[in-house]
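The values are calculated or read from the model by the stated rules, or taken from the named source; none is laboratory data. Just so it is clear, the structure is predicted and the values come from calculations on it, not from any experiment. Cβ atoms come from the backbone with ideal geometry, glycine included; neighbour counts cover every protein chain shown.
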């Protein structure tokens, strides 16, 4: 049995992504190399038969296309080497990340922050795709990032949160009871209220706290400007929102909305 207990699930790079990168690497390297060889041959032929005045006219296009294709092939090869051997295994007590010959073991107790970010692709309200990523901040200052190239990333995020969030919630609650502020990216939850830069709200001033349109939105019960923060900039965003709702509700129970 592994030191982390029994294995739960293995996540690898999606097969479609691996095939796409392999095709990209193969075609790019082969076609790029072929165009460069033709360009070099045309360069030497023009130089030896017509002189340097026509060299670029004979070879420039071939060399330029060859370099472009070669660059595409190298990018594809880099992705193949980066993701082809990646495997993330969840265990009862932590994670194990394997990259070729290197294995990294992370216990649930070592994870200090979870940050999920996403990008949506579209124009004029028409959305044709999105990509998300997961970043973990580990005790000691280490950061580990998982892109959505990883199969089952959403399930991996859910598993990590289920094992890590209860501990972090207890720790943060204890910090606030001891009078210690907690930083959640641009937001700071304090014993007396919440702050973003120079904006400060006491708990009794928070009229509502909710997740809306990809943002944490804190409305006030006076004429002050609300606090808005993109959720993908807030580590442990669900805990942050839960704490704000809990403490604001104690001061203003009739107004504060759940997430």
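Tabulated data for the structure shown
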| item | result |
| --- | --- |
| Subset of segment 218-252 [surrounded by fewer than 17 Cβ atoms within 10 Å (Cβ to Cβ) and not in a helix (DSSP H, G or I)] | 220, 221, 222, 223, 224, 225, 226, 228, 230 |
| Check on residue 58, surrounded by 17 or more Cβ atoms within 10 Å (Cβ to Cβ) and either in a helix (DSSP H, G or I) or under 25 Å from the mean Cα position of the chain (by Cα) (or both) | yes |
| Residue match in segment 116-124 (condition: within 23 Å of residue 7 (Cβ to Cβ) and at pLDDT below 90) | no |
| Residues that are in contact with a helix residue (DSSP H, G or I) (Cβ under 7 Å, 6 or more places away or on another chain), surrounded by fewer than 17 Cβ atoms within 10 Å (Cβ to Cβ) and assigned to a strand (DSSP E or B), drawn from segment 129-161 | 132, 138 |
